[in-house]
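As C-alpha cells, the structure follows; a few thoughts come after it.
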Amino acid sequence: MVITRFAPSPTGHLHIGGARTALFNWLYAKSNSGLFLLRVEDTDKNRSEQQYTEGILEAMSWLGINPDKDIVYQSERTERYNEIIDKLLKENNAYYCNCSKEELESLRKDQQKKGLKPKYDGRNRDKGLKKEPGAVVRFKTPLEGEVTLNDTLKGKVSVNNKELDDLIIQRADGSPTYNLTVVVDDLDMGITNVIRGDDHLNNTFRQIHMIHALKSEMPVYTHIPLILGEDRKRLSKRHGAVSAYDFRSEGILPLSMVNYLARLGWSFGDKEKFTIEELVEFFRLDSLNKSSSIFDYNKLYNINKYFIKQSQIDDLYNEFIFLTGEFKDLGKTKILEIIEAQRDRCKSIKEIIDESRYFLDINIEINDKLMTKFIVESNRVIFESLLDDLNKIDNWSLAVIKDLIDNIMARLNLKLPEFAKPTRVALTGSLSSPSIDTTIFLLGKERCIKRLGAAKTLIT
C-alpha cells in the first residue's frame, strides 16, 4: 500500500510551497488507494508555536487535505529517538563528540583559508568517547564510495561520501536533530513515498546512510522543484501573499487554490480546471515537471473567478462570512441574494464584499466626479419618477421592479444606459453594481427611497 506524508514545522504559517507539497502527497496517496499521513515536526522548542500548529491544521482542512490517521507529533516521540540513537551508538554507527564551539570555528576558518569545503573532519570518530556534559552524538558517515538516490523525477543522483561529514544526530542538550527524527518517523510510520521540495535533496543522501545503518527499506523519493516568484527567485513575502491563509483572506476559494497548486508543477494534457475527483483520478508522479514553476497571481485570480461562477452558493457564503461579519444583520437569505447577484462580476470573495458595502448603510457618499456628471438637473425627472413609482409598490419583487423600470423608460423615452447610470450612482455611489433592477430589488424599498431623495436634494 502507498503511504505518503506531509511533515510541516510549526515555526510559521503554511507556506504555499508547503501546501503544494501536502497536496501532491495527498493526491498520490488517494490516486493509489493509499494513506496520507500528517506529522508535525515540533522538536524546535524555541521556534515552534501552538498558534502555528493550529494555523497549519486549519489551512490544510480548508484546502481539504486531511490525514487518514491521527497526527504524529515529534515532541511526543523523544523516547523513541533516544532508543534509535542508543542503537546506533551500540552498533558503532555513531559516536560522542566533545568538540567545543571554539574548536569547530577554528577548524572552519582553517579549512576556508586552505580553500576547502568547511565540514567536520571526524577527529573524534574513533576515540571511543563516553557521554559527558556538552557532548553531542554524531552519525558515522561511510568514508569511502558514494551514495546514490534513484529519484522518480531527477533520476539517478550520486554524491561522493567524502563530500559528507559526520552530522550531529543528538545535540548537547539531548534533543534529536532533524535528519535523525525524519528517518525514524518515516520508518515507523511505514512511509513508502516521500514527495518533498528539492531543497531537501542534500539531506536525503544523509538520511539514506542512516536508513542503511538501521537495515531498513528506503522509501521512494521524489524531489520537486521549488515555486518561484515572477523574478525567478524563491517565492517569499516580497512577491505578495505566500501562506495558504493569506490567500483565504484575499477571498480565494479552496478549490481554486487546489487547482492552481496542482498545476504548479503538474499537468494533464491541456486541461486547466479540475474537480477534486478528477485530480485524484489523473494525478501521476511521471507527469510532474522537472523545472521550477512561476507563481502567477493574475492566473490564480482568473481561476478563482471561474470557480466563483461554478461553485455552490453555500460554499461562497461560507467563505463570505469567514471574511466579514459586517453583513450578519441582513440575514443569510439576503447575503445569499447579494452573492448570487455579484458572483459573475467578481474575481474573489473579498471583491464581492468590497463591491457590496452599499447594501449596508442607509446613506452613501458620491464622489465629486460622479456628482458633476450624473446628479444633475437633467436627471431630476428620472429620480422623481422612480420615487413616485417606488412609493406605490406594495409587492416588492424583482418582476414588479422590472416592469416599473420598463414603464419609466417608456414614459421618459429613455434607453437603458440613460436610465441606469444616474440611478446606479444615486443608489450606490458607483457605476459598478449588478443589473439596475437587481440592485434596486436587493437594496430594498426604504434604502432606495431615502437615497433617491438624498440625490434630489443634491441637485443644484
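Within the straight-line cut-off of under 24 Å between alpha carbons, the lysines reachable from Lys69 are Lys30, sequence neighbours fewer than 8 places apart in one chain being disregarded. Filter the cross-link list Lys45/Lys127; Lys392/Lys450; Lys305/Lys332; Lys290/Lys350 down to pairs whose alpha-carbon distance in this structure exceeds 26 Å. Where the Cα-Cα span goes over 26 Å, the pairs concerned are Lys45/Lys127; Lys290/Lys350. Solvent exposure of the range 141-223, expressed per residue, is 41 Å² of accessible area, with all protein chains present and a 1.4 angstrom probe.
Mind checking the full-extension length gain between Thr460 and Asp68? Use 0.36 nm per residue of separation minus the Cα-Cα distance, one decimal, nm. Gain in length upon complete extension: 134.3 nm. Of the GluC sites (Glu not before Pro) found in the range 126-190, the ones in coil according to DSSP and having at most 12 other Cβ atoms within 10 Å of their Cβ are Glu144.
For Ala244, the shell of other residues with beta-carbons less than 12 Å away shows a net charge of -1, using +1 for Lys and Arg and -1 for Asp and Glu.
The accessible area of Thr11, taken with all protein chains in place and a 1.4 Å probe, comes to roughly 50 Å². Remark on the range 309-459: hydrodynamic radius 16.0 angstrom, per the Kirkwood mean of 1/r across alpha carbon pairs. Relative to the longest principal axis of the Cα atoms of the chain, the long axis of helix 380-391 lies at roughly 90 degrees. Computed from the C-beta positions of Ala410 and Tyr297 and an R0 of 45 Å, the FRET efficiency is 0.45 to the nearest 0.05.
If R0 equals 30 Å, the separation of the Cβ atoms of Asp270 and Ser432 corresponds to a calculated FRET efficiency of about 0.35. Helix 50-63 and the longest principal axis of the C-alpha atoms of the chain enclose an angle of approximately 60°. Any of Lys117/Lys156; Lys347/Lys456; Lys130/Lys215; Lys117/Lys154; Lys328/Lys369 with alpha carbons more than 27 Å apart? Name them for me. Too far apart for the 27 Å limit: Lys347/Lys456; Lys328/Lys369. Taking Cα centroids, how far is the range 205-277 from the range 10-82 in Å? First find each Cα centre; the distance between them is then 14 Å. Given R0 = 56 Å, the distance between the Cβ atoms of Ile313 and Thr148 translates into a calculated FRET efficiency of 0.55.
For the range 232-330, the list of trypsin sites (Lys or Arg not before Pro) that fall in a loop by DSSP and count at most 11 other C-beta atoms within 10 angstrom reads Arg232, Lys233, Lys271, Lys290. In the range 127-171, Rg over Rh equals 1.16, where Rg is the alpha-carbon radius of gyration and Rh the Kirkwood radius from pairwise Cα distances. Of the listed residues Tyr245, Tyr81, the order by accessible area with a 1.4 Å probe, largest first, is Tyr245, Tyr81. Highest average first, the peptides 409-416, 449-456 ordered by how many other beta carbon atoms sit within 10 Å of their residues are 449-456, 409-416. As an exercise, identify the GluC sites (Glu not before Pro) in the range 204-299 lying in DSSP coil whose Cβ has no more than 15 other Cβ atoms within 10 Å. For GluC sites (Glu not before Pro) across the range 204-299 that sit outside H, G, I, E and B with at most 15 neighbouring Cβ atoms in 10 Å, the list reads Glu217, Glu230, Glu272.
What is the percent carbon and sulfur in the accessible area of the range 56-175, measuring with a 1.4 Å probe over the protein chains and ignoring ligands? Carbon plus sulfur share of accessible area: 46 percent.
The values are calculated or read from the model by the stated rules, or taken from the named source; none is laboratory data. Every value quoted in this text rests on a predicted model; they were computed, and no experiment measured them. With ideal geometry, Cβ positions are generated from the backbone for all residues, glycine too; neighbour counts draw on all protein chains shown. Surface accessibility is based on the protein's heavy atoms, side chains included, excluding ligands, DNA and RNA. Shrake-Rupley method; radii C 1.70, N 1.55, O 1.52, S 1.80 Å.
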